[in-house]
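Reading through the structure tokens given below for one structure.
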Amino acid sequence: MLLKMSMVTEEIERKFLVTSELFKKEASNSYVIKQGFLNTHEERTVRIRLKNDKGYITVKGKSSKDGLTRFEWEKEISKEEAESLLALCERPIIDKIRYEVKFGHHMFEVDEFFSDNEGLIIAEIELQSKDEVFAKPKWLGKEVTGDIKYYNSQLSKEPYKYWK
């Protein structure tokens, strides 16, 4: 079996609500994602993701106080391994389509959620530094960086359809 590389990073990420579906016309790529959580402890999450035909296991640490950074370790696994591990995950499983939208000098990842989280659309942007300036597309709405209820691990515990 081919050895797959793993990555350890500290990601700097900002999240925003999306106000329209105009981003779909600007997307250069999209793919289906199914993901579940083996562990959703406040200090760490262990996520299993199936992205088209590739599997991943990811461990994320607790976010910084401002919600901008957190530890992340990810390793590619086989589709079969991901499917087996998804069967062990907490319910519900999150399903979404991720769109990649280049705007200015950055790539936005826009997640359109389905099933229990249908109606929720969130855009994320990864930055090189906390104070990095970036162009904001007109479909980008309110910033929700650091708001835990928008974390995928929380959406699996308290789906969008149950929010008041």
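The values are calculated or read from the model by the stated rules, or taken from the named source; none is laboratory data. Since the model is a prediction, treat every value here as computed from it, not as a measurement. Here the Cβ positions follow ideal geometry from the backbone for every residue, glycine too, while neighbour counts run over all protein chains shown.
For this structure, a couple of remarks:
- The residues of the stretch 11-50 that are assigned to a strand (DSSP E or B), touching a Phe, Trp or Tyr at 6+ places or on another chain (Cβ under 6 Å) and either among the small types (Gly, Ala, Ser) or over 18 Å from residue 148 (Cα atoms) (or both), listed by number, are 30, 49.
- Unique match (being under 14 Å from residue 151 (Cα atoms) and either without any contact (Cβ under 8 Å) to a residue 40 or more places away in the chain or not basic (Lys, Arg) (or both)) among 101, 110: 110
- Filter result (loosely packed, with under 14 Cβ neighbours inside 10 Å and either over 16 Å from residue 147 (Cα atoms) or at pLDDT 95 or above (or both)) within the stretch 51-66: 52, 53
- The stretch 51-66, residues that are touching a strand residue (DSSP E or B) at 6+ places or on another chain (Cβ under 8 Å), assigned to a loop (DSSP other than H, G, I, E, B) and touching a residue at least 24 places away in the same chain (Cβ under 8 Å): 63
- Some residue of the stretch 25-41 being exposed (fewer than 13 other Cβ atoms within 10 Å of the Cβ), at pLDDT below 95 and out of contact with any Pro (no Cβ under 7 Å at 6 or more places or on another chain): yes
- Close pairs (6 angstrom Cβ cut-off, 6 or more residues apart or separate chains): under 15 Å from residue 55 (Cβ atoms) and of a type in the set (Val, Ile, Thr) in the stretch 68-94, modelled with pLDDT under 95 and part of a strand (DSSP E or B) anywhere: none
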